[in-house]
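Inspection log for the structure reproduced underneath, given as structure tokens.
The values are calculated or read from the model by the stated rules, or taken from the named source; none is laboratory data. None of the values given here were measured: they were computed from a predicted structure. FYI the Cβ positions are ideal-geometry reconstructions off the backbone, even for glycines, and counts take in every protein chain you see.
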Amino acid sequence: MADLRSPWRESSTAEAEGSTAEAEDSTAEAVERARGGDPRALARLISLVENGSPKLRPVMKALARFTGQARVTGLTGAPGVGKSTITGALVAAYRERGLRVGVLAIDPTSPFSGGALLGDRVRMQDHATDEGVFIRSMATRGHLGGLSSTAPQALRVLDAAGFDIILVETVGVGQAEVEIASLADSTLVVVAPGMGDAIQAAKAGVLEIGDVFVVNKSDKPGAHEAVKDLRTMIAMAQRGEGEWKPPIVSTTAASGEGLADLVGKLDAHWSWLDSSGERGRRRQARAREEISAIALTTLRRRLGGLPGDSPLDALAARVAAGEIDPYAAADELTAAVPGRAGPD
Ligand code: GDP
């Protein structure tokens, strides 16, 4: 648990009611400081998200009216293809435009968070002392509601704190990666030659979520083939009139080659999102997912469906022993909800 000293510590009554003057004051101050660019305040707010703290409720309430401004770009792809290097280069490009950039590195496979992951990310350290850049890694495994409820809240915090651009980099592969990428306004799928990545990407369903494809490590043999493979696969997808056709950008992120092209393609996608109305649709879909994830977590907790809750365990034992049927058990569980329901 993060160090939560005053003004972050509110009385538990204040938390439950979420309405005492003291709680509102401290929340407002926390939000104010984060919006003022205080990285410590910001880091603490994100810790609240990571820890699923009850203090999140008043914080999110205070933040809501500041959200909706940031442009969120997700980066996804197999480990080692160059996501961090590209992220670092994008940060530099946006900083040159005078934009504030937040970076969220999400690792759905690791229970660890904080320094370790980013400590390895040498290129990010170039930006470590820049006040216009905030970098944070987050682990989501094992947390209540998982990444579907934590990642969007962290994005909200950065958005409300006034970052113009938020880059969400995912580590790991598979469904979790697809899930995280779907949080973004624009999703970059990064592949590298010689790793069979293009094929792997297709398998993981990543092809469908890519708005811009990057073939990084273009200095290596096989880059041309990777572009060709991707082009064939993208061409196979059915697209209607006016729909976005994902471009493929070749980069050598290590030297910066192709980066200007990549930034241009991302700008073009952003413009298309705007003119097509897709941005609003994506954001609404994202909000719907957020609400469902939070509501389901709350319901599960109330039903005793989370580890350590005995009512479900007791019923499970009875069903397993053949004493009652699972429908009757489910009825018993849901009937008890209003009586046992408490605030989260
Ligand atoms: P990530 O795991 O996807 O975030 O990949 P990294 O950004 O950590 O890069 C993995 C390795 O590939 C590092 O050693 C980078 O220096 C290297 N790398 C990144 N971009 C390029 C590139 O364009 N060409 C070559 N040859 N190596 C690169």
Restricting to the stretch 91-121, what's the tally of residues that are part of a helix (DSSP H, G or I) and at pLDDT 65 or above? 6
Among the residues of the stretch 258-268, are any assigned by TED's automatic domain parsing to the domain that holds residue 83, in contact with a Phe, Trp or Tyr (Cβ under 7 Å, 6 or more places away or on another chain) and in contact (Cβ under 8 Å) with a residue 40 or more places away in the chain? no
Among the residues in the stretch 226-238, are any within 16 Å of the ligand (Cβ to nearest atom), surrounded by fewer than 17 Cβ atoms within 10 Å (Cβ to Cβ) and among the hydroxyl-bearing types (Ser, Thr, Tyr)? no
Determine, yes or no, whether residue 235 is farther than 18 Å from residue 193 by Cβ, of a type in the set (A, V, I, L, M, F, W, C) and in the same structural domain as residue 151 (by TED's automatic domain parsing). yes
Counted residues in the stretch 64-90 being assigned to a helix (DSSP H, G or I) and either out of contact with any Asp or Glu (no Cβ under 8 Å at 6 or more places or on another chain) or within 7 Å of the ligand (Cβ to nearest atom) (or both) come to 8
The condition of being at pLDDT below 95 and at positive phi holds, among 205, 258, 240, only for 205
Among (1) surrounded by 13 or more Cβ atoms within 10 Å (Cβ to Cβ); (2) closer than 27 Å to residue 89 by Cα; (3) at pLDDT 90 or above, which single condition is residue 245 missing? (1)
Quick one: residue 124 ticks every box in (1) among the hydrophobic types (A, V, I, L, M, F, W, C); (2) at pLDDT 85 or above; (3) not in a strand (DSSP E or B) bar one, so which box is it? (2)
Residue under evaluation residue 73, criteria (1) more than 30 Å from residue 194 (Cα to Cα); (2) at pLDDT 90 or above, criterion not met: (1)
